[in-house]
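Chemist: So that we are looking at the same thing, I have put the structure below in structure tokens.
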Amino acid sequence: MSIAENIARVRAEIAEAARQAGRDPAEITLVGASKMNDAAACREAVAAGIDALGENRVQEMTQKLAENAYDGVPLHFIGHLQRNKVKNVVGKVALLESVGSSELLAAVNAQAEKLGIVQDILLEVNIGREDAKSGFFPEELPAAAESALALKNVRVRGLMCIPPVAEEPHGSIPYFEKVRRLYVDINEKLYHNKLDMLSMGMSGDFADAVRTGATMVRVGTAIFGARSYAAV
Ligand SMILES: *Cc1c(COP(=O)(O)O)cnc(C)c1O
């Protein structure tokens, strides 16, 4: 299957899930998670109509930016971001999806201020309370979302999550539901319903995410094929 065929199939599955939930498929943004795929693969996805591309390693993104891999679509950063690499990401991406600590939030705001820009971001929620994952714990989120309102150089657009690896089919749904409730709550209480992005769902569970209210899914393997970790 080519990248274009894979994108068409993923789109069809998104559309079906959206219809099942009584939603308009056009309101779902398909982000291609292109890590470990080269610039040519990224360009193929762009040509096939992907809505955005997402990277999770700063060095790889920087290299592929120099190769014009993402020309034509918005670029997202979706991986764990260390504070010393903030300068390599802020201002270079349309959306920074993985702001998961107050320290990172402050560092992103400071760098955006230095550049004289407003950086669009998502707050990442560690919904499974996993040690290995970054993100705010659910109970930390309201305070973080409120503090972000006072920062002039970041604009929170919504929430992102990566739930624990599901043990059974549809195992992500309870986590997606929790994040959706947090999103609705923060949106109503703090953001005057201006938030418009709920990023959840990957290759194994994007249809469930769409049925649970995701407006953005991040799909890698189902578009680009299995990643070859040995090659990098
Ligand atoms: C790699 C990655 C994805 C996509 O994962 P697949 O299971 O390959 O679809 C989504 N989100 C993040 C943050 C990722 O790093």
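The values are calculated or read from the model by the stated rules, or taken from the named source; none is laboratory data. What you see is a predicted model, and the numbers here were worked out from it, not measured in a lab. Cβ coordinates were reconstructed from backbone atoms using ideal geometry, including for glycine residues, and neighbour counts include every protein chain displayed. Side chains are part of the model used for accessible areas, which takes the heavy atoms of the whole protein and leaves out ligands, DNA and RNA. Shrake-Rupley method; radii C 1.70, N 1.55, O 1.52, S 1.80 Å.
Chemist: Considering the alpha-carbon set of segment 1-128 alone, what are its Rg and its Dmax in angstrom?
Modeler: Using the Cα atoms of segment 1-128, the pair Rg, Dmax is 15.8, 45 Å.
Chemist: Would you work out what percent of the accessible area of the chain, with all protein chains in place, is carbon or sulfur (probe 1.4 Å)?
Modeler: 51 percent
Chemist: Mind listing which trypsin sites (Lys or Arg not before Pro) in segment 186-232 are in a DSSP loop and have 15 or fewer other Cβ atoms within 10 Å?
Modeler: Lys194, Arg227
Chemist: For Met216, Met197, what's the largest-to-smallest order of accessible area, 1.4 Å probe?
Modeler: Correct descending sequence by accessible area is Met197, Met216.
Chemist: While we're here: Could you sort out which of Lys85/Lys189; Lys64/Lys178; Lys85/Lys133 sit more than 30 Å apart by Cα distance in this structure?
Modeler: Lys85/Lys189; Lys64/Lys178
Chemist: State, to one decimal in nm², a quarter of the convex hull surface area for the C-alpha atoms of the chain, i.e. the direction-averaged projected area.
Modeler: Answer in nm², one decimal: 12.4.
Chemist: Another question about this same structure. For Lys35, list the aspartates and glutamates whose Cα falls under 20 Å from its own Cα; do not include residues on the same chain fewer than 8 positions away.
Modeler: Glu5, Glu44, Asp51, Glu55, Glu60, Glu67, Asp71, Glu97, Glu124, Asp205
Chemist: Using a Gaussian network for the chain with springs between C-alpha atoms less than 10 Å apart, which of these wobbles most: Ala12, Ala45, Ala33?
Modeler: Ala12
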